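Taking it in order: structure first as structure tokens, then the write-up.
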Number of protein chains: 2
Amino acid sequence: MGLRERKKVQTRNALIDAALDLFLTQGYEATTIDQIAAEVDVSPRTFFRYFASKEEVALSLFADSLEIFLGDLAARPDSEPPYTALSQAMRSMVGALQDVDPADAARFVKARELTESTSALLAGQMRLLMENEKRLVAEVARRQGVGADDLLPQFVVSVFTGIGMICFGSGKQHLDVMAKRLEDVLTLADGSFRPGWDLPPADVSPSGDA
Amino acid sequence: MGLRERKKVQTRNALIDAALDLFLTQGYEATTIDQIAAEVDVSPRTFFRYFASKEEVALSLFADSLEIFLGDLAARPDSEPPYTALSQAMRSMVGALQDVDPADAARFVKARELTESTSALLAGQMRLLMENEKRLVAEVARRQGVGADDLLPQFVVSVFTGIGMICFGSGKQHLDVMAKRLEDVLTLADGSFRPGWDLPPADVSPSGDA
DNA sequence: GTAATTTATGTCAGCCCATGACAGATGACA
DNA sequence: TGTCATCTGTCATGGGCTGACATAAATTAC
């Protein structure tokens with residue numbers, strides 16, 4: 001990797017760190033782009049060459065983990081029912097977060113703490129979720145063998161998004177506490193649904209039909 | 001009602017109408033506050049005396065219906081299980097929307113169509129939902145006789161929020177079509193959950209305990 | 001009906017987010 | 001070293017949003 005690329009990664013991380021620290025100490029709205037840029041010794045204009053908006057710098061880590069989740073989901077075998085695949089992908093993503101180096105983990109925890117206390121960022125996080133919801137619905141619909149405009153995949157994804165929000169959204173927790181919370185919510189969900197709720201009804205009787 | 005108040009309501013509605021029309025024809029981002037204000041013959045500064053932001057004017061109707069929903073929920077008898085109360089309150093709210101005068105209904109349909117096609121507004125809608133989620137969780141927890149920090153009420157509310165989003169979020173439909181969609185989703189949900197899923201487990205055996 | 005009070009509105013000035021255009025600096029590569 | 005691509009800084013601009021102050025209008029009191 002060349003010097004140029006290394007510098008870019010460096011600047012990007014420095015901007016994220018400076019932004020998160022300023023956001024957490026002064027508040028998100030009270031912090032200006034100029035302050036973030038000054039902290040990293042770059043021009044304000046350069047900030048916008050790394051992040052499209054003030055919001056993006058705060059949510060970039062969440063966006064990254066969302067991508068990881070989608071990747072993990074695609075890697076689940078087709079034989080798994082949709083909800084199982086979603087749950088396992090979520091476990092896999094949280095596990096991956098625990099494995100990265102401590103600096104990244106610290107950044108992630110900071111970003112989560114910040115998002116939780118800033119309604120504008122909470123909204124942005126939801127926007128990210130919803131922008132990816134189409135992809136999620138399409139994947140679930142594929143596994144169910146129904147159309148993407150069917151209610152069932154939308155329902156499954158919607159329920160699962162709620163589970164994700166509960167996990168990411170409450171309590172100032174470290175990653176391992178978050179992992180435990182995920183298990184708790186998934187256990188609760190398992191007890192709430194009927195078996196096979198995430199699969200389309202078999203409209204033929206088990207032992208043959210016309 | 002005095003002249004002063006009538007004029008305010010008039011101006012407010014005129015601003016909403018002008019904004020929705022401009023948003024729908026030119027797009028949300030492409031429309032400026034100055035244009036909206038000019039359309040109503042009011043100074044741009046006055047716009048911000050009626051709405052705190054460009055987003056608020058587009059979501060004001062949704063915010064209103066959300067308040068109606070919360071009111072309807074509070075009016076449900078305590079004997080109803082949480083999920084039933086939520087569903088009935090939702091039915092009640094959608095019913096109320098169908099009863100208002102056509103001008104208001106037209107505004108609502110416009111606002112919904114607009115929100116659906118504008119990701120910034122979709123995010124704002126979610127923000128509104130989440131800002132009210134605390135109240136919703138508190139109400140559900142009260143009916144369940146558990147603490148508001150318990151997982152169960154959060155789960156129930158989260159699931160229900162998803163149902164609401166499916167209803168409000170897809171298809172350019174009129175109010176009656178939306179009502180039918182609500183019934184469809186609620187039917188699907190009814191078939192997916194185990195009986196009593198929205199109530200805390202009775203941790204005593206039915207015929208006596210210490 | 002007039003005066004005093006309250007309240008809505010217009011004007012002006014300003015901050016901040018965000019973007020386009022251009023020029024200079026710096027790393028990549030032959 | 002010289003050429004090229006790319007990153008960066010500077011400048012200018014538009015639009016969202018807010019505070020301060022003055023004016024105009026409606027409400028209330030007399």
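Among the residues of the range B:35-73, the one identified as within 14 Å of DNA strand C (Cβ to nearest atom), among the acidic types (Asp, Glu) and under 25 Å from A:Ala123 (Cα atoms) is B:Glu55.
Rundown of residues vs (1) surrounded by 20 or more Cβ atoms within 10 Å (Cβ to Cβ); (2) within 19 Å of B:Leu129 (Cα to Cα); (3) free of Cβ contacts under 8 Å to residues at least 24 places away in the same chain; (4) out of contact with any Cys (no Cβ under 6 Å at 6 or more places or on another chain), yes/no style:
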residue: A:Glu113; (1), (2), (3), (4): no, no, no, yes
residue: A:Ala123; (1), (2), (3), (4): yes, yes, yes, yes
residue: A:Ala138; (1), (2), (3), (4): no, no, yes, yes
residue: A:Leu152; (1), (2), (3), (4): yes, no, no, yes
residue: A:Val157; (1), (2), (3), (4): yes, yes, no, yes
residue: A:Gly169; (1), (2), (3), (4): no, yes, no, yes
residue: A:Leu175; (1), (2), (3), (4): no, no, no, yes
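Test A:Ala85 against the stated conditions and say whether it is surrounded by fewer than 21 Cβ atoms within 10 Å (Cβ to Cβ) and touching a helix residue (DSSP H, G or I) at 6+ places or on another chain (Cβ under 9 Å). So A:Ala85 fails the test.
I'm trying to understand the selection: among the residues of the range A:103-125, which are of a type in the set (A, V, I, L, M) and farther than 22 Å from A:Thr31 by Cα?
Start the filter on the range A:103-125 by keeping residues that are of a type in the set (A, V, I, L, M), which leaves A:103, A:105-106, A:109, A:111, A:114, A:120-123.
Answer for the range A:103-125, where residues must be of a type in the set (A, V, I, L, M) and farther than 22 Å from A:Thr31 by Cα: A:Ala103, A:Ala105.
Among the residues of the range B:37-59, just one is away from DNA strand D (no atom under 12 Å from the Cβ) and crowded, with 19+ Cβ neighbours inside 10 Å, namely B:Val40.
The helices (runs of 4 or more DSSP H) located wholly in the range B:32-151 that include 1 or more residues which are modelled with pLDDT of 95 or more and over 17 Å from the mean Cα position of the chain (by Cα) occupy B:33-40, B:44-50, B:54-75, B:82-99, B:133-144. Selection within the range B:24-36: residues that are surrounded by fewer than 14 Cβ atoms within 10 Å (Cβ to Cβ) and closer than 19 Å to B:Phe108 by Cα. The member of this set that is farthest from DNA strand D (Cβ to nearest atom) is B:Thr25. Every condition in (1) within 16 Å of DNA strand C (Cβ to nearest atom); (2) part of a helix (DSSP H, G or I); (3) of a type in the set (Gly, Ala, Ser); (4) surrounded by fewer than 16 Cβ atoms within 10 Å (Cβ to Cβ) holds for B:Ala18 except the one numbered (4). Residue-level check: of (1) within 12 Å of another protein chain (Cβ to nearest Cβ); (2) surrounded by fewer than 19 Cβ atoms within 10 Å (Cβ to Cβ), B:Gly147 misses just (1). Scanning for something aliphatic (A, V, I, L, M) and within 16 Å of DNA strand D (Cβ to nearest atom), does the range A:89-98 turn up at least one residue? Scanning the range A:89-98 turns up no residue that is aliphatic (A, V, I, L, M) and within 16 Å of DNA strand D (Cβ to nearest atom).
Quick one: in the range B:1-13, which of the residues that are closer than 18 Å to B:Ala63 by Cα and of a type outside the set (D, E, K, R) is farthest from DNA strand C (Cβ to nearest atom)?
Across the range B:1-13, the extreme among qualifying residues is B:Asn13.
The values are calculated or read from the model by the stated rules, or taken from the named source; none is laboratory data. All values derive from a computational prediction rather than experimental measurement. Note: ideal-geometry Cβ built from the backbone for every residue, glycine included; neighbour counts use all protein chains shown.
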